[in-house]
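First up is the structure itself, then whatever we jot down about it.
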Amino acid sequence: MKEKVVVGLSGGVDSSVAAYLLKQQGYEVIGVFMINWKERTGRASCTWEDDITFAEMIAKKLDIPFHVVDLSDFYRKRVVDYMFEEYGKGHTPNPDVLCNREIKFDMFMEKAMELGADYVATGHYCRKAEVVKDGKTYYRLLLAGSDPNKDQSYFLCQLNQEQLAKSIFPIGHLLKPDVREIAREQGLITAERKDSQGICFVGKVDLPVFFSKSWNRKRAT
């Protein structure tokens, strides 16, 4: 029986190739798109509606099941509210680190397990290694991705042993140009899509404007 992997399909080239590679390796692959931020605070070209279209097209191309989960309430409470609190204390928060710990590898992983997944996979550029001590397997702190220009291990630095044990990073050993080349060879529509920038799932924003709008909405509720 094949092991089942849920891939977080973001609509970008990295997660697309991650899904392709896992299917080639013999896993039963399921694509899941996370809706984490619905408001049009980021760039107009970086809306979740656009991303979900690309993600669904990739799932059809790879002939894998496709699901959508709405985690926006959790994202607001666990990431955006946290940013407010930290800036209020005079700190400089890193929402990407928290997003990975609290959303992608917590709430999303929980949804994946409900689908019967053995593992969760993402398109992060990082690697992991394991060591066996006294008959028990431990996962070392994440290793840097092979591409020095794209290493994302820092953003996953707060994952715990349980989260690491259930995580797969299929493209961590590849360079970004190689990932795009695989996408081109397989005819994946995301091959030339630009990388996302800015706050995780929000996009590139003017922080004062973003916080002003978000704060006003928070007060209204």
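The values are calculated or read from the model by the stated rules, or taken from the named source; none is laboratory data. What you are looking at is a predicted structure, and each value in this text was computed from that prediction instead of being measured. Here the Cβ is made from the backbone with ideal geometry for all residues, glycine too, and neighbour counts use every protein chain on show.
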Checklist entry - Do any residues in the range 85-104 that are touching a residue at least 60 places away in the same chain (Cβ under 8 Å) and crowded, with 20+ Cβ neighbours inside 10 Å have Cβ atoms under 7 Å from those of residues that are part of a loop (DSSP other than H, G, I, E, B) and of a type in the set (Ser, Thr, Tyr), where the two are at least six apart or on different chains, and which pairs are they? => result LYS104/THR122
Checklist outcome for this item: Exactly one of TYR87, TYR119 is within 27 Å of ILE30 (Cβ to Cβ) and among the aromatic types (Phe, Trp, Tyr), and that one is TYR119
Checklist outcome for this item: Okay, helices (runs of 4 or more DSSP H) sitting entirely in the range 131-221 with 1 or more residues that are closer than 29 Å to GLU86 by Cβ, at pLDDT 65 or above and not basic (Lys, Arg), I get 161-165
Checklist entry - Can you name the number of the only condition in (1) free of Cβ contacts under 8 Å to residues at least 40 places away in the same chain; (2) of a type in the set (Phe, Trp, Tyr); (3) under 20 Å from ILE171 (Cα atoms) that PHE74 fails? => result (3)
Next on the checklist: ILE189 - would you say it is touching a residue at least 24 places away in the same chain (Cβ under 8 Å), in contact with a helix residue (DSSP H, G or I) (Cβ under 6 Å, 6 or more places away or on another chain) and within 22 Å of TYR20 (Cα to Cα)?
Outcome noted: yes
Checklist entry - Does GLU56 count as among the charged types (D, E, K, R), more than 20 Å from GLU185 (Cβ to Cβ), part of a helix (DSSP H, G or I) and at pLDDT below 95? => result no
Checklist entry - Do we have GLY31 as within 21 Å of THR190 (Cα to Cα), among the small types (Gly, Ala, Ser) and touching a residue at least 40 places away in the same chain (Cβ under 8 Å) here? => result no
